[in-house]
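In what follows, a single structure is set out as structure tokens and then discussed.
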Amino acid sequence: MDTKTTVISPEQLRRQAEFCDEIKAYWLAQGVTPVAFVDTYGCQQNEADSERIRGMLEAAGYGFTDTEEGADVVVLNTCAIREHAEQRVFGNVGALVHTKRRHPRQKIILCGCMMGQSAVTDRIKKSYPYVDGVFSTHHLWEFPALLLRLLKTGKRVFLIEDSPGSIAEGIPVCRENRLKAWVSIMYGCNNFCSYCIVPYVRGRERSRQPEDILGECRDLIAQGYKEITLLGQNVNSYGKDLALGMDFADLLAQVAQIPGDFRIRFMTSHPRDASRKLFDTIAKYPKICKHFHLPFQSGNDRVLKAMNRHYDSAQYLELVEYGRLVMPELVLTSDVIVGFPGETEEEFEDTLRLVEKVRYDALFTFIFSPRGGTPAASMDDPYTKADKNRRFDRLLQVQNRISEEKHRAYIGKTVRVLVDGRDGDLLTARTDGGRLVRFAGDDSLIGQFLDVKITDCTTWSLVGQRPTAI
Ligand code: SAH
Ligand code: SF4
Ligand code: F3S
């Protein structure tokens, strides 16, 4: 396999745009306005990819629906991170046999990270004959070609050839939200954490050119977007492959200097190359949210080594300490895995100790799930599912207490929020740190940055009032 990043040429993308026109003409000739249902699983990378899938569908004349029932095309953008995610997808694919029976012209297409695994695509080929099309993340830009072929030939199409990955600029985007936008700054991952499937299904790390990223951000801000989230599996290694002498902190600083009323988030950071310079940059620019999602995965050094994480708990704590030194208000969140193969009770206690020490604002907790083809999947593991569940519950109890204490500390404070929607009687908003705030107000406030006084809280959210309303 070649290891160089392929840049998809404007000519190749123009060809895809022509395929979209042909699809449009196909439906027009039948006097039909086709509708599509795009169902997304997994992380923000998949959300961002789905916005491109919808962009291409829109260019091909499709409208959108939020159910598979009656849709002319159903696209399932899948996630392979844990077994549970895969089971959900297989369950839903199984159910589609009935929707297709009720609407025989329905085309069923599977894409996303699961389709980067040959065991999955072999299973689809053999056991799910009513699935019409499959493409892996590397073939996203060729979706119009796949769809046109399906419509014209009625034959199944599989675009699953593996590659180190490509960069395609200029695929149309149909964004889900009008206030918050995802901007991918890089694709793939080179870290090969021993438990993780992502490097196998999303290819090698490749960075977009800074001017393409900055151009996209400027356009979004001009369109009125209020929040931009820079995305990558490991944003801290942005630029390493470009050799422009520019790192993630430099990119962040440039985005933060774009004029306009907006804020910036980013995810995800790997502690291995989170630099002091990065913390200094976040501290320096008011537009960058003082929020760091810094997955630690385990508090035990032997386990961290077995995970191939390339840092130890002391180095991790040093980073946290520096971050809080330059930004006392820093909101910290993290990911952690419980029950990595061979993790002992004592090693798990180290994770609990680290959580108590750092006191995260929120924690995403996962039970280890073996992923075929990763080194951790074949490591010995004497511990049972029940052992792991027990540890998971203990960890959750500790974190819930800390989350609630952290939320309680907001009471009486005034915080700046971006109002993003409504949930029943109350408006919903997020602080710069990503905390959910609910408060009374009318819909005209949606899309505004406001100061809100926190009056109460739960483990999961804050309750507020507008100062003028008090
Ligand atoms: N690139 C990001 C994370 C992507 S996956 C990072 O490195 O931070 C999100 C989270 O899923 C990971 O941080 C990890 O905690 C969890 N995860 C990944 N593979 C897993 C597995 N096999 N079993 C359980 N959790 C896993
Ligand atoms: Fe997976 Fe590790 Fe890459 Fe994150 S950094 S995507 S956990 S291999
Ligand atoms: Fe899942 Fe792929 Fe994201 S495996 S977590 S959708 S990168």
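The values are calculated or read from the model by the stated rules, or taken from the named source; none is laboratory data. This structure is a prediction, so every number in the text was calculated from the model and none was measured. We place every Cβ from the backbone using ideal geometry, glycine too, and count neighbours over all the protein chains shown. The area values use the complete protein model at the heavy-atom level, side chains included, leaving out ligands, DNA and RNA. Shrake-Rupley method; radii C 1.70, N 1.55, O 1.52, S 1.80 Å.
Taking every lysine pair in the stretch 6-166 that is 8 or more places apart or spans two chains, those with Cα atoms closer than 16 Å amount to 8. Subtracting the Cα-Cα distance of ARG105 and LEU426 from their residue separation scaled by 0.36 nm leaves 111.4 nm.
Send over the semi-axes of the stretch 169-272's equivalent ellipsoid, whole angstrom and largest first, taken as the square roots of 5 times the C-alpha gyration tensor eigenvalues.
One finds semi-axes of 24, 15, 13 Å for the stretch 169-272.
Across the stretch 173-408, Cα-Cα distances exceeding 29 Å account for 33% of all pairs.
The tail of the calculated P(r) for the stretch 414-465 beyond 13 Å holds 49 percent of all Cα-Cα pairs. Scaled against the 2.2 N^0.38 Å expected of a compact globular protein of N residues, the Cα radius of gyration of the stretch 226-271 reads 1.19. Using bins of 10 Å that start at zero, the share of Cα-Cα pairs per bin across the stretch 6-166 amounts to 11, 43, 37, 9, 0, in whole %. Derived value for the stretch 104-171: Kirkwood hydrodynamic radius 12.4 Å. Basis is the mean of 1/r over every pair of different alpha-carbon atoms. Average accessible surface for the chain: 44 Å² per residue, computed with a 1.4 Å probe over protein heavy atoms with every protein chain in place. In the stretch 134-226, one over the average inverse separation of all distinct C-alpha pairs is 15.6 Å, which is the Kirkwood hydrodynamic radius. Whole Å is fine, so just give me how far the alpha carbon centre of the stretch 438-469 lies from that of the stretch 130-176. The distance from the Cα centre of the stretch 438-469 to that of the stretch 130-176 comes to 43 Å. The dipole here belongs to the stretch 275-425: it is taken about the Cα centre, uses +1 on the Cβ of Lys and Arg and -1 on the Cβ of Asp and Glu, and is about 620 debye. Within the chain, the longest segment free of exposed loop sites, counting GluC sites (Glu not before Pro) that fall outside DSSP classes H, G, I, E and B and have at most 13 other Cβ atoms within 10 Å, spans 162-328. Hey, which of these cross-link pairs are over 25 Å Cα-Cα: LYS385/LYS406; LYS305/LYS385; LYS287/LYS406; LYS284/LYS305; LYS240/LYS406; LYS180/LYS453? From the list (LYS385/LYS406; LYS305/LYS385; LYS287/LYS406; LYS284/LYS305; LYS240/LYS406; LYS180/LYS453), the Cα-Cα distance tops 25 Å for LYS385/LYS406; LYS284/LYS305; LYS240/LYS406. Here is the P(r) of the stretch 88-128: all C-alpha pair distances, binned every 5 Å from 0, give 5, 20, 30, 25, 13, 5, 0 in whole percents. Which parts of the stretch 94-115 would a label at TYR130 reach, counting a residue when its backbone N lies under 14 Å from a point 7 Å out along Cα-to-Cβ? Within reach of a label on TYR130, which here means backbone N under 14 Å from a point 7 Å along Cα→Cβ, the stretch 94-115 contributes 94-109. Viscosity 1.306 mPa s, temperature 10 °C: Stokes-Einstein D of the stretch 33-111 from its Kirkwood Cα radius, in µm² per second? The estimated diffusion coefficient comes to 124 µm²/s.
Can you figure out the FRET efficiency of ARG15 with LYS357, using R₀ = 35 Å and their beta-carbon distance, to the nearest 0.05? Mind dumping the intermediate values first?
Values: r = 55 Å, r/R0 = 1.57.
The pair ARG15/LYS357 has a calculated efficiency of 0.05.
In the distance distribution for the stretch 71-184, Cα-Cα pairs more than 21 Å apart total 41 percent.
For the listed peptides 128-135, 360-367, a ranking on the average number of other beta carbons within 10 Å per residue, highest first, reads 128-135, 360-367. Across the stretch 328-343, the residues whose backbone nitrogen lies under 18 Å from the label position 7 Å along the beta-carbon direction of ARG276 are 328. Segment LYS24..LEU242, full-extension length gain: 74.7 nm, with 0.36 nm per residue of separation and the alpha-carbon distance subtracted.
Treating cross-link reach as a plain straight distance, find the aspartates and glutamates whose alpha-carbon is under 14 Å from the alpha-carbon of LYS388, omitting any fewer than eight places away in the same chain. The reachable aspartates and glutamates, counting only those whose Cα sits under 14 Å from LYS388, are GLU343, GLU345, GLU346, GLU347, GLU349.
Semi-axes of the equivalent ellipsoid of the stretch 333-436 are 34, 17, 11 Å, computed as sqrt(5λ) over the eigenvalues of the C-alpha gyration tensor in descending order. Annotation: amide H of PHE364 within the under-5 Å range of SER334, ASP335, VAL336, sequence separation 5 or more or interchain, hydrogens built in the peptide plane. Helices in the chain, meaning DSSP H runs of at least 4 residues, each add -39500 (n - 2.57). Divided by all residues, the mean residue ellipticity at 222 nm is -11500 deg cm²/dmol.
Just so you know, the averaged projected area of the alpha carbon convex hull for the chain sits at 23.5 nm². A cysteine counts as unpartnered when no other cysteine's C-beta lies under 4.7 Å of its own; in the chain this applies to CYS20, CYS43, CYS79, CYS111, CYS113, CYS174, CYS189, CYS217, CYS289, CYS457.
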